[in-house]
1. Arrange 140, 332 by Cβ neighbour counts within 10 Å, fewest through most, would you?
2. State the antiparallel share, in %, of DSSP beta bridges confined to the chain, rounding to the nearest 5.
3. What's the center-to-center distance, using Cα atoms, between region 1-65 and region 206-268 in Å?
4. Would you mind checking 263/310; 48/385; 186/327; 167/310; 53/340; 186/263 for any pair whose Cα atoms are more than 28 angstrom apart?
5. With a 10 Å Cβ neighbour count serving as the proxy for reagent exposure, in which order, fewest first, do 62, 276, 136 appear?
6. Based only on other Cβ atoms within 10 Å, what is the fewest-to-most ordering of 206, 317?
7. Below 8 Å, C-alpha to C-alpha, sequence gap of six or more: please give me the relative contact order for the chain in percent.
8. Give me, ordered by chain and number, the residues 5 or more places off residue 153 or on other chains with an amide H under 5 Å from its own placed amide H.
Amino acid sequence: MPGSELFGAEERKEVNDVLETGILFRYNHDNLRNGHWKAKEFEAELAKFTGAKYAHTCTSGSTAVAIAMACCGIGAGDEVIVPPFTYIATVEGALLGGAVPVFAEIDETLCLSPEGIRAALTPRTKAVVLVHMCGSMARLDEIMAICEEHNLLLIEDSAQALGATYKGKHVGLFGKMGCFSFDFFKIITAGEGGAVITNDPVLYDYAHQYSDHGHDHIGDNRGAEQHPIVGFNYRMGELNAAVGLAQARKLPYIIEQQRKHKKILHDCLAQFPQISFRHIPDPAGDAATFIDFFLPDEATTRKVQQAFQKASIGVQYWYDNNFHYIKNWEHLREMKTIAKVHAQTLDELPQDYRTIHLNLPKTDEVMRRLLSMVVRVTWTEDELKAFTQQLTAVLREALA
Ligand SMILES: *Cc1c(COP(=O)(O)O)cnc(C)c1O
């Protein structure tokens, strides 16, 4: 949660710019806003940082996923392959557009595996929504090859991986669109917020239009704008954008600190032969926001988790987590929606949909042995030294 660790004077200054004018809306009012266009500046900063031709901000990472789906033309009845280890927003984004989320297996990258994607393909598969979990990337070359071979759209939910690169290129730029989140727990925060990035000018136009009731945003008179498409309201407000802008400028520092601190944690954990690490296809591109590691089996993993908890060392055992793993998404597995969604009404859904796509033995096998720790940005050298000493002592005892 590096962004929220670094909230300070820079964020307050940007917010005050907006408070002084009272123009909280991202469009128009040119004469009243003292030259402040925080959403636009935030977008420019995101485009610069990621190397994307275009970035468009929106209300959340969840709506970023929904926007990407809509802009890419994924809708009613289309099957989209999603991972069972993500934040549930990825799946909700598919459902919102009327698509049918089909779960596929992950591997030790903690992301969808090429084998898992292949096994989940049907003639109705339209897209893969790849999630780069916990700061690092999926096996992108192989996954892009599958998408090409089967004519599938690739959308990257990069909400947890802002700053991660694969072979020098930022995640979010490998598919049609990349999605980011700036909620309070992400690499940078805007309080709430999200963004899509793309290199495709047509998709970019769809993105800003769709997020603002279909307005074409040509000219400076919103009342006179045309509506090329039907959209909705997913607009980012200037106050959130102001925070996001200040945070985005801190990204190079955040990533650098995370990498430095993660290396120290890695070296500490690597002393223990029982510990192995999450597979990272391009280690140099790791955003390093988490350190993810495996123990040999579930019993040992639980033992270590309990030892960490007892010592007040923050650790995530995602296998039991309510928000991130399908095992605890009973509401989703049972499709407990208020109104009907397309996924329920599709009688042509494969008979074995539930048994094949909700039974994910490989994923379970990975998740049972996985622990993650947040890499703090603000650790001092002394704090980190004390922390690794404590880690070593706790692990020596737990793994004895
Ligand atoms: C956080 C997150 C989202 C949703 O972002 P919000 O801004 O909280 O709506 C989507 N996908 C993933 C992988 C996330 O981690």
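All of the numbers you see were taken from the coordinates with simple rules; none came from a lab. Note that the structure is a prediction, hence the values are computed from the model and not measured. For neighbour counting, all protein chains shown are included, and Cβ atoms are generated from backbone atoms with ideal geometry for every residue, glycine included.
1. On the way: 140 24, 332 17.
In increasing order of surrounding Cβ atoms, one gets 332, 140.
2. Details: 22 of 37 bridges.
Beta bridges within the chain, antiparallel portion: roughly 60 percent.
3. Result: 7 Å between the Cα centres.
4. On the way: 263/310 25 Å; 48/385 35 Å; 186/327 23 Å; 167/310 40 Å; 53/340 38 Å; 186/263 20 Å.
Over 28 Å Cα-Cα: 48/385; 167/310; 53/340.
5. Details: 62 24, 276 15, 136 27.
Ranked by crowding around the Cβ, least crowded first: 276, 62, 136.
6. Values: 206 25, 317 21.
Result, fewest neighbours first: 317, 206.
7. Value for the chain: 21 percent.
8. Residues meeting the criterion, in which the H sits 1.01 Å from N, are 127, 128.
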